[in-house]
Amino acid sequence: MGLIERVLTLVFGADRNVIAETAEVFRVNAEAEAKRGADLQGAALRQFAAEFSCARSGWFDRMIDGLNRIPRPALALGTLGLFVAAMVDPIWFGARMTGLALVPDPLWWLLGAIVSFYFGARHQAKGQDFQRDIARALAASVPQVIDSAQRIEALRPDGPEPPAAPDNPALADWQALATK
């Protein structure tokens, strides 16, 4: 019993499992891989939430953002309402459309310019905010990436390897012509 116990203690004892540790050299531990994947996904979601949170804006900014979101749904729902009105009461709808037909063209152009500038300016402002946030995130991460790349390069024994000579004679001739 002592010999068997010693062999089993050697393989499985002292909170070790030599068989499992050896198997993990050849096959990834599925549970540990799932945990790493979940940790990575959680970190990505936290970073995304930090980049796009409204924590930096005050209550007034959030209120104005909310008000700025009203016109598009109002225009879409209003247009659908016109279709419903045309089906429910065609005479009422016809009278309103006749009134719209009497609006002079320059007034329509003015309305088009106002709506275009409103939506265009909002689109531009939101786009610039997004680009500013992306630039800020990149500026914060670039030094870390450069540092990591330099540390990895420092691990090379004699610096970067030169490119290998091509095995293709036609390619070698072409490269020789290109360098002349």
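Readers should treat all values here as calculations from the given coordinates under stated rules, not as data from a laboratory. Note that the structure is a prediction, hence the values are computed from the model and not measured. Cβ sites come from the backbone with ideal geometry, for glycine too, and all protein chains shown count toward neighbours.
Among THR22, THR98, THR79, the largest mean-square fluctuation in a Gaussian network model of the chain (Cα springs under 10 Å) belongs to THR22.
Rounded to the nearest 0.05, what FRET efficiency is calculated for ALA137 and ALA38 with R0 set to 25 Å and r the Cβ-Cβ distance? All intermediate terms of the calculation are to be shown ahead of the outcome.
On the way: r = 23 Å, r/R0 = 0.91.
That gives a FRET efficiency of 0.65.
Highest GNM mean-square fluctuation among ALA101, ALA23, ALA74, for the chain modelled with Cα contacts below 10 Å: ALA23. Residue-wise HN-Hα couplings along the stretch 31-39, as the Karplus relation 6.51 cos²θ - 1.76 cosθ + 1.60 with θ = phi - 60° gives them from phi, are 5, 5, 5, 5, 5, 4, x, 5, 5 Hz; Gly and Pro carry x.
Given a Förster distance of 30 Å, report the FRET efficiency between LEU110 and PHE83 from their Cβ-Cβ distance, rounded to the nearest 0.05.
On the way: r = 26 Å, r/R0 = 0.85.
For LEU110 and PHE83, the calculated efficiency is 0.70.
Over all Cα atoms in the chain, the spread is summed up by Rg and Dmax: 34.0, 107 Å.
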